[in-house]
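The values are calculated or read from the model by the stated rules, or taken from the named source; none is laboratory data. Not measured: the values here are computed from a predicted model. Glycine also receives a Cβ, built like all others from the backbone with ideal geometry; neighbour counts cover every protein chain displayed.
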Ligand SMILES: C[S@@+](CC[C@H](N)C(=O)[O-])C[C@H]1O[C@@H](n2cnc3c(N)ncnc32)[C@H](O)[C@@H]1O
């Protein structure tokens, strides 16, 4: 995989985290390069820069000397950026991370944004940017031409008076936004009802129209033993799986672990003031000791923006194996075509099919193999 990128007199190596075996997956694309070119061509470099949706830190790394504020929505994104700074011997003092719901600063002069796949997330991010941008500020949004949808323009025009589209370069384009409209009315939270329970979630969080069908299938077939006291919802999204476990065993201690900050914050709204529920903004189980959980439930991630990838799911299976109590259960639901059983049987002595329908299957995995991964 080509990790090096030379621009002007700068040469940095940018790697993905988590790493991938798939050589076609890169840590940036032409849309990131186009945003950078735009920046480099500016005669007057702005003092205050915000970088949004910079998944592996390509822009944050190249702009390090300008100390941009980087909006972090993923625990794995933060790790990627820190690793890339380390690998390129850059000072971490130039880093400043903020979350997507925090106002960046009233004086942001330039915001750079790789447009996400989810138009709802684009809306949420642009709302925050428009409200924190200086009135003469500019927003540069990059995207690959093949990913263009008219909705990009509709969303941009909602928050900015001036919306201009650039010429194409290496199959990518820019939207250049000026004159922010302040205080535009825009909801950023949605509600979904399933089985008499209402779930709130921020725009852009997984499965925004309805509870995911795989999760619905798992919930309909969920058995919770009252002895299973310590439970983990691994890759918890808005917390729907944890909620139904809790309804079946109200006394259990629940942990939710999620890589997406907006998703984890959504789940906090769905378990308000519950002392027996613990939230972890993380992409791994590193902080848990071996054998910690009696039950782990999981609808593993498969889609990442425009990519599909089972490597993250398999990584989570290895970690679930380590953190599962020797008498515990790991319940996984997935699309049948992903064929997760072949991976699970390498990690657990018992992998039992709980239920299967045309699209999904649920496995109950027990007896983690003692061999170290
Ligand atoms: C298929 S969704 C399931 C969400 C939720 N459990 C549900 O049923 O609606 C998978 C979730 O995994 C999260 N995710 C992706 N990579 C992760 C990782 N390394 N650790 C924890 N969560 C991750 C995604 O942000 C997404 O919310």
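Of the numbered criteria (1) closer than 20 Å to residue 100 by Cα; (2) more than 10 Å from the ligand (Cβ to nearest atom); (3) surrounded by 14 or more Cβ atoms within 10 Å (Cβ to Cβ), the one residue 277 fails is (1).
Filter segment 280-306 down to the residues that are assigned to a strand (DSSP E or B) and within 12 Å of the ligand (Cβ to nearest atom) and list them by number. Correct list: 280, 281, 296, 297, 298, 303, 304. The residue list 76, 118 contains one member that is in contact (Cβ under 8 Å) with a residue 60 or more places away in the chain, under 20 Å from residue 31 (Cα atoms), assigned by TED's automatic domain parsing to the domain that holds residue 172 and within 16 Å of the ligand (Cβ to nearest atom), which is 118.
So residue 318 ticks every box in (1) over 16 Å from residue 256 (Cα atoms); (2) touching a strand residue (DSSP E or B) at 6+ places or on another chain (Cβ under 9 Å); (3) not in a strand (DSSP E or B) but one. Which box is left unticked? So the condition that residue 318 fails would be (2).
Right, residue 362: in contact (Cβ under 8 Å) with a residue 24 or more places away in the chain and within 12 Å of the ligand (Cβ to nearest atom) or not? Spelling it out, it is not the case that residue 362 is in contact (Cβ under 8 Å) with a residue 24 or more places away in the chain and within 12 Å of the ligand (Cβ to nearest atom). On inspection, residue 151 passes the criterion of being modelled with pLDDT of 95 or more, loosely packed, with under 13 Cβ neighbours inside 10 Å and either within 13 Å of residue 115 (Cβ to Cβ) or touching a helix residue (DSSP H, G or I) at 6+ places or on another chain (Cβ under 9 Å) (or both).
Got at least one residue in segment 237-254 being in contact with a helix residue (DSSP H, G or I) (Cβ under 8 Å, 6 or more places away or on another chain), in contact (Cβ under 8 Å) with a residue 24 or more places away in the chain and within 17 Å of residue 363 (Cβ to Cβ)? Yes; the residues of segment 237-254 include at least one that is in contact with a helix residue (DSSP H, G or I) (Cβ under 8 Å, 6 or more places away or on another chain), in contact (Cβ under 8 Å) with a residue 24 or more places away in the chain and within 17 Å of residue 363 (Cβ to Cβ). A single entry from 294, 349 fulfils the requirement of being more than 29 Å from residue 27 (Cβ to Cβ), surrounded by fewer than 20 Cβ atoms within 10 Å (Cβ to Cβ) and at pLDDT 95 or above: 349.
Taking segment 245-265 as the search range and keeping residues that are more than 10 Å from the ligand (Cβ to nearest atom) and in a helix (DSSP H, G or I), which one is nearest to residue 71 (Cα to Cα)? Applying the filter and picking the extreme gives 265.
What about residue 207, is it buried (at least 24 other Cβ atoms within 10 Å of the Cβ) and without any contact (Cβ under 8 Å) to a residue 40 or more places away in the chain? So residue 207 fails the test.
Taken together, the criteria exclude residue 336 from residues that are more than 12 Å from the ligand (Cβ to nearest atom) and either assigned by TED's automatic domain parsing to the domain that holds residue 29 or in contact (Cβ under 8 Å) with a residue 60 or more places away in the chain (or both). Scanning segment 188-204 for residues that are out of contact with any strand residue (DSSP E or B) (no Cβ under 7 Å at 6 or more places or on another chain) and free of Cβ contacts under 8 Å to residues at least 12 places away in the same chain gives 193, 196. Screening residue 268 on (1) more than 14 Å from residue 331 (Cα to Cα); (2) in contact with a strand residue (DSSP E or B) (Cβ under 7 Å, 6 or more places away or on another chain); (3) within 13 Å of the ligand (Cβ to nearest atom); (4) outside any strand (DSSP E or B) shows it passes everything except condition (3).
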